[in-house]
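Working notes for the structure below.
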Amino acid sequence: MNRGTRIYAAVLATLVLALAIAALYQPADVRRLNSLLADDPALADYAYHFRVLSIKGRTAGMSSPRSAAVPVQRMIGAIHP
């Protein structure tokens, strides 16, 4: 491997590592709320595992068991047969 190829490989590896860290990083507040949700006995038996995705100010953005393309009745029938 010549010098240019080694430099290119090092830059590419650094970029991939930085993107992986950015994608997997969760702020401390998000981790704390997710652990509280996981430890909640009322939510432990629920069919869907809610997760906090982000926090903006005093509002937490959470995952949802449905999308706008699926009617509510169909989603409820799927999680509570």
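The values are calculated or read from the model by the stated rules, or taken from the named source; none is laboratory data. The model shown is predicted, which means the values in this text are computed figures rather than measured ones. Cβ: placed from backbone, ideal geometry, glycine included. Neighbour counts: every protein chain shown.
Listed by first and then second residue, the pairs with beta-carbon distance under 9 Å, at least 6 apart or on different chains, first residue in the range 1-27 and modelled with pLDDT of 95 or more, second outside any loop (DSSP other than H, G, I, E, B), form an empty list. Within the range 18-35, being under 17 Å from ALA60 (Cα atoms) and part of a helix (DSSP H, G or I) holds for ALA28, ASP29, VAL30, ARG31, ARG32, LEU33, ASN34, SER35.
Residues that are closer than 17 Å to ILE79 by Cα, exposed (fewer than 12 other Cβ atoms within 10 Å of the Cβ) and of a type in the set (A, V, I, L, M) within the range 29-66 comprise ALA42, ALA44, ALA47, listed in sequence order. Scanning the range 36-51 for residues that are modelled with pLDDT of 85 or more and not in a helix (DSSP H, G or I) returns ASP40, PHE50, ARG51.
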